[in-house]
Amino acid sequence: MTNRRPELKQNGSSPQRRFDVVIVGAGFAGLYMLHRLRGMGFKARVLEAGTGVGGTWYWNRYPGARCDVESVQYSYQFSDALQQEWEWSERYAAQPELLRYANHVADRFDLRRDIQLNTRVNAAMFDDASASWVIESSDGARVAAAFCIMATGCLSSPNLPAFKGIAAFEGDHYHTGCWPHEGVDFTGKRVAIIGTGSSAVQSIPIIAAQAKHLTVFQRTPNYAVPAHNAPLDPEFVRRIKASYPELRARARKTMTGIDFDYSDALAMETSPQERQREYETRWQRGGLSFLGAYRDLMVDEEANDTAAAFVRGKIREKVRDPELAEALSPKNTIGCKRLCIDIGYYETFNRSNVTLVDVSETPIEEITPRGVKVAGRQCEADAIVFATGFDAMTGALLKVDIRGRGGLALREKWSAGPTTYLGVAMAGFPNLFTVTGPGSPSVLTNMLPTIEQHVEWISDTIAHMRARGFDRIEASAAAEDEWVSHVGELASRTLRYTCSSWYLGANIPGKPRVFMPYIGGFPRYVEKCNEVAARGYEGFVLS
Ligand code: N01
């Protein structure tokens, strides 16, 4: 570990402005964090790289981008007035609507005056003497704050694999995670798309309907269940709004923080006919609750394969060419990678203008000036879409040169994988908090309630410190070690370890393979956080 303190770039003066709290990121986490802290009387400032608020929904504007959690649940609950007044139009909200919602929240709570846009944070350094953070943005400007909160998102650092030749490609290329604001018209174009994760599953049907030809480069086929998206029935919305507290309370009791119908039954103790009926019912209902059919699906391979086989059967029904259906059928554990929610994905491969290229055995060789080359053959393309995902959970944090006590670099501390206490704090990094950081349930749950829980816990912690006259809080190394072992131990008991997912960091060459999210479920996690606070911040050192 290096103890050398970096020289922060000087811009001719010491930090110009001092805040109680600096929040990095103006997505759903940053917006609520600002609102809550301001309401508690803290002077807070949000620094945001984009030209607008909304985080994920600001950047991911690819065709078909849509949330896979139902809109009435993927929404804030901290303000009943907000949840009563906002009208979602569809079962699953599309990106433009989600972005409008984020902007509405920013306006409704008058947040913009404390949000600094166009400001990419490059470095953050803890100053021991003043027990505060100095935060530097890419233009060299610096601000200081007693607390620094990283609200930088879990899937916000796009992964563009180092394909040879990208720079020489003569057409246009795009990454789904930073799509042009003005949109892209693929009419009459030959388009290549690399990747078949959620972003590709959503964008492929739409691009295929527009483009002259679409070639899909698939390394690993994915399981997708139908969304059955539809406009929301006003009567349904009225009922939800009338009983929001009950819905939210039920959701808080589930593993994912989503009000789903989770069954307690075991697939292996259910007859094949009954299982088929259950899977069919859930398939017809659509959405992520498909995997809630049996509680042994993510721990017992045989059980898991009953669900996987059901989906493979559906793919064979949807895709006319049996060879193509076979190529599109995943063989790995269902739910090991994030389940995709689709709107016409598999059927898109019945179109005459769509071709699938399997790159599982023969990887993409290079990007040539005119297309994509695989096994010596060039597929000509006017545009390439990289739907190649993200450096998840740690990527956005490690892009910032974060230095803790004694100049300790987070990049060094995490060189063998992320280590945190509760996914909110790290030993060696006083007064720094991460919202939905590695080691918290985050991406395995409905992000909105998870974000709210973190925001409330972190802000209550800061208020607790102010009330008791503390100016420094730091996770102890022992508490962090214990938490990291607990997170790893729980993950190792599930089938989630069995594939090369981004949960494990396996999608990024050289990234340590560590299962990053907390898999013990939302209720258990919340209970632990509450217990830590109730015991006077057990596992933290306050001074
Ligand atoms: O990214 P991914 P994503 N050569 O990592 C392939 C959330 N999300 O942006 O599987 C060839 O899932 C890679 O292949 P493989 C959601 O949590 C949510 O789609 O590694 N292919 C894979 O097919 C999701 O899980 C929503 O073999 C390469 C694809 O690129 C997460 O974001 C919508 C390659 C990447 O898939 C990420 O989804 C969108 C290479 N060198 C996203 N490198 C909703 O709410 C990578 N690939 C619905």
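Amide H contacts of A506: S501, each under 5 Å away and 5 or more positions distant or on a separate chain (H built 1.01 Å from N in the peptide plane; Pro and chain starts excluded).
Here the convex hull built on the C-alpha positions of region 215-360 has a volume of 131 cubic angstrom per residue. Segment N122..D261, full-extension length gain: 45.7 nm, with 0.36 nm per residue of separation and the alpha-carbon distance subtracted. Listed by chain and number, the lysines whose alpha-carbon sits under 21 Å from that of K511, ignoring those within fewer than 8 places in the same chain, are K164, K337, K399, K413.
Between 0 and 90 degrees, rounded to the nearest ten: what's the tilt of helix 447-468 against the longest Cα principal axis of the chain? Once rounded, the angle reads 10 degrees.
In plain terms, the chain from R513 to R238 could stretch by 94.4 nm, reckoned as 0.36 nm per residue minus the Cα-Cα distance. Projection of the Cα convex hull of region 188-235, averaged over all directions and equal to a quarter of that hull's surface, yields 4.5 nm². A Förster radius of 45 Å, combined with the Cβ-Cβ distance separating E269 from R468, puts the computed FRET efficiency at roughly 0.30.
Remark: region 44-126 is approximated by an ellipsoid whose semi-axes, taken from the C-alpha gyration tensor as √(5λ), come to 25, 17, 11 Å, largest first. One Cα centroid belongs to region 145-188, the other to region 352-409; the line between them spans 10 Å. Expressed as a whole percent, the accessible surface of region 192-348 that belongs to carbon and sulfur atoms is 52, based on a 1.4 Å probe.
Solvent-accessible surface of region 382-488, taken per residue with a 1.4 Å probe and all protein chains present: 26 Å². For region 453-519, a/c is not less than 1.5, where a ≥ b ≥ c are the root eigenvalues of the C-alpha gyration tensor, and a/b tops b/c. That puts it in the prolate class.
Ignoring aspartates and glutamates fewer than eight residues from K318 along the same chain, the ones with Cα atoms less than 13 angstrom from its Cα are E326, D342, E347. Can you tell me the 0 to 90 degree angle between the C-alpha axis of helix 272-285 and the longest principal axis of the chain, rounded to 10? With both axes taken from Cα atoms, the answer is about 70 degrees.
For region 38-86, what class follows from the C-alpha gyration tensor (a ≥ b ≥ c being the square roots of its eigenvalues): rounded when a/c is under 1.5, otherwise prolate if a/b is larger than b/c, else oblate? Oblate is the answer for region 38-86, as a/c is 1.5 or above yet b/c matches or exceeds a/b.
In the chain, the DSSP beta bridges split such that about 40 percent are antiparallel, to the nearest 5. When all alpha carbon pairs of the chain are counted in 10 Å bins from zero, the resulting P(r) reads 3, 18, 28, 27, 17, 6, 1, 0 %. Close amide-amide hydrogen proximity is noted between A265 and R295, each under 5 Å apart and 5 or more residues distant or on a separate chain (H modeled in the peptide plane; Pro and chain starts excluded). Computed from the Cβ-Cβ distance with R0 of 41 Å, the FRET efficiency linking N350 to R524 stands at 0.40. Full extension of the chain between E489 and R370 gives 38.0 nm of extra length, using 0.36 nm per residue less the Cα-Cα distance. A cut-off of 5 Å between modelled amide H atoms, ignoring neighbours fewer than 5 places along the same chain, links S440 with Y518.
Using the Karplus relation 6.51 cos²θ - 1.76 cosθ + 1.60 with θ = phi - 60°, the per-residue 3J(HN,Hα) values for region 396-403 come to 5, 6, 7, 5, 8, 7, 8, 10 Hz, with x marking Gly and Pro.
Taking 7 Å steps out from each Cα toward its Cβ at S130 and R108 produces label points 3.7 nm apart.
Taking each DSSP H run with n ≥ 4 as -39500 (n - 2.57) and averaging over every residue of the chain yields -9500 deg cm²/dmol at 222 nm. Here the calculated FRET efficiency for D139 and R18, from their Cβ-Cβ distance with R0 = 22 Å, stands at 0.75, rounded to the nearest 0.05.
Rounded to the nearest Hz, the phi-derived 3J(HN,Hα) couplings of region 94-100 under the Karplus curve 6.51 cos²θ - 1.76 cosθ + 1.60 (θ = phi - 60°) are 7, 3, x, 5, 5, 5, 4, where x marks glycine and proline. Angle, helix 28-39 long axis vs. longest principal axis of the chain, Cα atoms, 0 to 90°, nearest 10? Once rounded, the angle reads 30 degrees. Taking 4.7 Å between beta carbons as the limit, the unpaired Cys residues of the chain are C67, C148, C154, C178, C340, C379, C529. Each label point was placed 7 Å from the Cα along the Cα-to-Cβ direction; for L160 and E326 their separation is 3.8 nm.
Cross-link partners for K212 among the lysines, with Cα-Cα distance under 20 Å and sequence neighbours closer than 8 places in the same chain left out: K189, K373.
Each label was represented as a point 7 Å from its Cα along the Cα-to-Cβ direction; for A230 and E317 these points are 1.7 nm apart.
The values are calculated or read from the model by the stated rules, or taken from the named source; none is laboratory data. None of the values given here were measured: they were computed from a predicted structure. Please note: Cβ atoms are built from the backbone with ideal geometry, for glycine as well, and neighbour counts cover all protein chains shown. All accessible areas refer to the heavy atoms of the entire protein, side chains included, with ligands and DNA or RNA removed. Shrake-Rupley method; radii C 1.70, N 1.55, O 1.52, S 1.80 Å.
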